[in-house]
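Asker: Have a look at this one.
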Amino acid sequence: MNRILIIFLIIGLCSCGEKQKSEKKTETVTFEQTISELKDFELLQDFEKNKAEFGTPDTFELNDHSADGGELKVFHDKDFNYIVFDFWLYGETGKLNYTYWTDKNGNLEFKFVKKLNYEYDKPYYEENFKIDSTINYLSYSGMKIRMFDLNRNEIQKAELIDTTKNELESFFKDVTKGIEIIK
């Protein structure tokens, strides 16, 4: 009887050890999935946190798109599952900064976009000009495109969302036409 009891104890201990090993494997897989599925504001936070790891971005001058020029910086690294396109255009009465997070598989499908506009009440070279800025975000995750304001509150106006989406997609297409993007 004692022998049978000892055999059951040994079998029980072995099966507990196997269960612990399989739980550790599950945790690792879950962690890897979380990193690869960043979306929306997580992309923004991840990029801000890891910007230095991308190294020196590819930089392109954008002289034909605004009165005072601009630039495009492209951040890409094999360890991240997205590419960041950071556009700056400068003008007499304002500047814009559009930042796009895209997939990295080659078709440049949008994941998230940050739209930052600065408007001056008079040309920047005149004294005491005032600056007003607006920030909006577009999320391409999910079934429909969603728009958020500076405070990350969702904007529900379909017409505004559609206009902003068309503006940002058209801008990206027009400005990157003819630029060789290394992925």
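The values are calculated or read from the model by the stated rules, or taken from the named source; none is laboratory data. This is a predicted model, so every value here is computed, not measured. All Cβ positions, even for glycine, are placed from backbone atoms using ideal geometry, and neighbour counts span all protein chains on display. Heads up: the accessible areas ignore ligands, DNA and RNA and are worked out on the full protein's heavy atoms, side chains in. Shrake-Rupley method; radii C 1.70, N 1.55, O 1.52, S 1.80 Å.
Asker: Which of the residues that make up segment 143-175 are among the β-branched types (Val, Ile, Thr) and open to solvent by 60 Å² or more (accessible area, probe 1.4 Å)?
Answerer: The initial filter retains those residues of segment 143-175 that are among the β-branched types (Val, Ile, Thr), namely 145, 155, 161, 163-164, 175.
If the condition is that a residue be among the β-branched types (Val, Ile, Thr) and open to solvent by 60 Å² or more (accessible area, probe 1.4 Å), then THR163 is the only one that fits.
Asker: Further question: Just a yes or no: is a residue in segment 42-59 open to solvent by 40 Å² or more (accessible area, probe 1.4 Å), farther than 21 Å from LYS144 by Cα and touching a strand residue (DSSP E or B) at 6+ places or on another chain (Cβ under 6 Å)?
Answerer: yes
Asker: Give the residue that is nearest to ASN107 (Cα to Cα), with candidates limited to residues of segment 149-166 that are under 18 Å from the mean Cα position of the chain (by Cα) and in a helix (DSSP H, G or I).
Answerer: Our first condition is that a residue be under 18 Å from the mean Cα position of the chain (by Cα); within segment 149-166, this holds for 149-154, 164-165.
Add one more test, that the residue is in a helix (DSSP H, G or I), and what stays is 164-165.
On the way: THR164: 21, LYS165: 18 Å.
So the residue we want is LYS165.
Asker: Does LYS111 qualify as being surrounded by 17 or more Cβ atoms within 10 Å (Cβ to Cβ) and basic (Lys, Arg)? I'd like the intermediate steps shown before the answer.
Answerer: Details: surrounded by 17 or more Cβ atoms within 10 Å (Cβ to Cβ): yes; basic (Lys, Arg): yes.
Spelling it out, LYS111 is indeed surrounded by 17 or more Cβ atoms within 10 Å (Cβ to Cβ) and basic (Lys, Arg).
Asker: Let me ask something else. Given the conditions (1) touching a helix residue (DSSP H, G or I) at 6+ places or on another chain (Cβ under 9 Å); (2) modelled with pLDDT under 95; (3) open to solvent by 50 Å² or more (accessible area, probe 1.4 Å), report the number of the one that PHE80 does not fulfil.
Answerer: Of the numbered conditions (1) touching a helix residue (DSSP H, G or I) at 6+ places or on another chain (Cβ under 9 Å); (2) modelled with pLDDT under 95; (3) open to solvent by 50 Å² or more (accessible area, probe 1.4 Å), the odd one out for PHE80 is (3).
Asker: If you check GLY178 against the conditions, is it closer than 29 Å to GLU61 by Cα and either surrounded by fewer than 14 Cβ atoms within 10 Å (Cβ to Cβ) or at pLDDT below 95 (or both)?
Answerer: Values: closer than 29 Å to GLU61 by Cα: yes; either surrounded by fewer than 14 Cβ atoms within 10 Å (Cβ to Cβ) or at pLDDT below 95 (or both): yes.
When the stated conditions are applied, GLY178 passes them.
Asker: While we're here: Could you please give the count of residues in segment 114-142 that are surrounded by fewer than 11 Cβ atoms within 10 Å (Cβ to Cβ) and of a type in the set (Gly, Ala, Ser)?
Answerer: Number of matching residues: 1.
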